[in-house]
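For reference, the structure discussed in these notes is given below.
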Amino acid sequence: MKWTKKHLLGLKDLDRNELNMILDTAEGLKEVSTRSIKKVPALQGRTVALLFFEPSTRTSMSFQLAAQRLSADLIQFNKSGSSLSKGETLIDTASNIEAMGVDMVVVRHSCPGVPQILAKHLNCAIVNAGDGCHEHPTQGLLDIFTIREKLGTLEGVKVAIVGDIRHSRVARSNIFGLLKLGAKVTVVGPPTLIPKSIAKMGVEISYNLDETIKKVDVVNCLRIQMERQGRSNFPSLREYALLFGMNRDRLKKASKNLVVMHPGPINRGVEMTAEVADSKNSVILQQVSNGLACRMAVFYLLNGSRIDV
Amino acid sequence: MKKYLDSEELNKIIKQLSVKILQNCGDNFCLLGVRKGGVKVVDALAKELQNKTDKLDVGYIDVSLYRDDIHKRLPDVPLEGTDINFSLENKTVILVDEVLFTGRTIRAAIDQVMALGRPRLIRLVTLVNRHGRELPIQADYVGLTIEESHTNKIEVIYNGGEDDGIYFTNNSQIS
C-alpha cells in the first residue's frame, strides 16, 4: 500500500489503513532518536515552516525536532511582531512564506478550519497542529501510538477520555482515530463540558468517573482549557478535581495495569494529582517521546506524497 | 515466473557463503541484513554460523531514510526500522543483501552504517550478483552471478518451504 494523502488536516479524513501506516512508520522511526547521532537525511533539501498563531511549547518543539531529525530546513513564524499586526491577511502571510520555497507548513490557529483554508490556497503540504476546538491530529496519533505500544493492540481496548470534551480538539482527534482502529471510547466529565451530540460520533457518555474507571484499560485526562471557555462551566476547580480528577482512590478502583495519559500541560491537583502523574501507571513522558516519532512519520509520508507518480 | 534454482542449491550457496565469512572475517564481525530482501538471507547465514562462532551479533537495517530517490518515489511503507542492539565500533560489519543490482541500496546502507558508528571494515555479501551497476560498488562474497535484462525481475523465496528458490523470467544466463 502506498501513502497518497497530500495533507494531514485531521484524523477524520484518514481510514484505518492510513492510520496504521502512520503508526507503523512512527514505530520504525522511533529508533532514530535512540542513536548517538540522532539525524537521518530523509528530508534533506526540504523546508518546513512552523506557523503557530497560538502559544505552544511541546507541540512546537516536537515539530521542530521532528523536522530537524529528518534533516529538513526550518523556518518559524511568530505571530507577535509579524506583518499580521500590520493588517496582512492569513492567506497573504502564508502565500508569502510559501513563495520562499517552503515544502510543508505546520499550522496552529485558534480558528477551526484554518489548515483546510491553507490547503486550498497553497501548493505545499499542510499539517494541522491544532485548529480551535476542531482537531489536533498529531496529538491523537501520539496518544493512539502510546496505547498501542503499551497494550499491544487497539482492538477492543476501552478508553475513557475525561474532562473538557466540548472544547477539546485532542478529544475529537482521539475519538476519530480510536474508533476506526477498533477501540471503545467513553467520554467522562460534567454535563456542561460534554455536548450531547458527541454520542453521534459513536462514543458512550458518562458523568461518573468512579464508575467508568473500573471498566476501562486507559484513562486520558484532558487539560481544563480556561482560555477556550467563555464562561465557567463548573463551580470551581476544586469541585472539578473532586469529581473528575484522577487521584489515588480512583487509581485503586481501576485495573492495576490502567494506562494513565495526559496531553499536557498538566494542572497538577486538577486533572490528576501529582501522585498519579508520577505513578508507574502514567505514560505521560512516553507520550512526549512518541509524539516526536509520530510527527517524523507524518513529515516522512507527506514528503513522499508530493511526488507525482 | 520461472524457477531458476531450487531449495537444495540455495542451501548449498548459503553454506558456502557462511564458510567464506568464517575464513575471511575473523572473530569480531557482525551481520547486518539489509531490509527487506536481506533479512531472510542474513537469518539463514546466522543459522549456519551460530554454532561455529562464540558470539554472533545479527542486526537489520532499513535504508529507506537514506535512499537517493527518496524525493522521487512514494515512501516505502511501512518503514520497518533499523534494529541493531550492539555497537558497530571497530567491528567488521558484514552487510547482507539478497540481490545486488544498481548498488544504490548498498550506498544507502553504507551511509547509514557510518552514521551509527565507526566499524573497522565493511564487507558485502550478496546471494545474487546481478549486472547493472550504477555506482562503483561490488560485493566481497557472492552466492551466484546472473546476467539478466533490466526489465526482468529476480525474486528469491527463502521461507524454509517447498517453494524455496530463485525465480525470474526468460533470457537469463549464468556466468
Between A:144, A:37, A:266, which gets the highest mean-square fluctuation from a Gaussian network model of chain A, Cα cutoff 10 Å?
-> A:37
Within the P(r) computed for the range A:84-139, what percentage of the Cα pairs occupies the region above 13 Å?
-> 57 percent
Restricting to the range B:2-174, what percent of DSSP beta bridges are antiparallel, rounded to 5?
-> 30 percent
Taking every pair of alpha-carbon atoms in chain B, give the share separated by more than 21 Å as a whole percent.
-> 48 percent
Using the heavy atoms of the protein chains alone and a 1.4 angstrom probe, what is the accessible area of chain A per residue in square angstrom?
-> 42 Å²
Identify which of B:124, B:45, B:144 has the largest mean-square fluctuation in a Gaussian network model of chain B, with springs joining Cα atoms closer than 10 Å.
-> B:144
Taking the Cβ of residue A:62 as the center, what net charge do the other residues with Cβ under 11 Å away carry, scoring Lys and Arg +1 and Asp and Glu -1?
-> +3
Pair residue A:242, residue A:39: separation of 7 Å Cα→Cβ label points (nm) = 5.5 nm
Convex hull of the range A:137-287 built on C-alpha atoms - directionally averaged projected area, nm² | 7.8 nm²
Stretched out fully, how many nm does the piece from residue B:19 to residue B:118 gain, at 0.36 nm a residue minus the Cα gap?
-> 33.1 nm
For residue B:153, list the aspartates and glutamates whose Cα falls under 18 Å from its own Cα; do not include residues on the same chain fewer than 8 positions away.
-> B:6, B:97, B:98, B:134, B:163, B:164
Going down the table (A:39/A:215; A:39/A:184; A:5/A:79; A:184/A:256), which pairs top 31 Å between alpha carbons?
-> A:39/A:215; A:39/A:184
Angstrom value of the Kirkwood radius, inverse mean 1/r, which spans all Cα pairs in the protein assembly as shown | 24.9 Å
Mean ellipticity per residue at 222 nm, deg cm²/dmol - from DSSP H runs of n ≥ 4 across chain B, formula -39500 (n - 2.57) = -8000 deg cm²/dmol
The range A:138-176 versus the range A:20-48: alpha-carbon centroid distance in Å | 23 Å
For residue A:74 paired with residue B:85, estimate the spin-label separation in nm (one decimal), with each label point 7 Å from Cα along the Cα-to-Cβ line.
-> 3.1 nm
What fraction, in whole percent, of alpha-carbon pairs in the range A:77-210 exceed 23 Å separation?
-> 45 percent
Percent of accessible area on chain B owned by carbon and sulfur, 1.4 Å probe?
-> 44 percent
Roughly speaking, what is the stretch gain from residue B:163 to residue B:68, that is 0.36 nm per residue apart minus the C-alpha to C-alpha distance, in nm to one decimal?
-> 30.8 nm
Signed unit charges on C-beta, dipole axis of chain A, positive-most listed residue A:251, A:290, A:89 = A:251
What is the magnitude of the charge dipole of the protein assembly as shown about its Cα centre, with +1 placed on the Cβ of each Lys and Arg, -1 on the Cβ of each Asp and Glu, and no other charges, expressed in debye to the nearest 20?
-> 1200 debye
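The values are calculated or read from the model by the stated rules, or taken from the named source; none is laboratory data. What you are looking at is a predicted structure, and each value in this text was computed from that prediction instead of being measured. No Cβ is skipped: glycine too gets one built from the backbone with ideal geometry, and neighbour counts run over all protein chains shown. Ligands, DNA and RNA are excluded from the accessible area calculation, which covers all protein heavy atoms including side chains. Shrake-Rupley method; radii C 1.70, N 1.55, O 1.52, S 1.80 Å.
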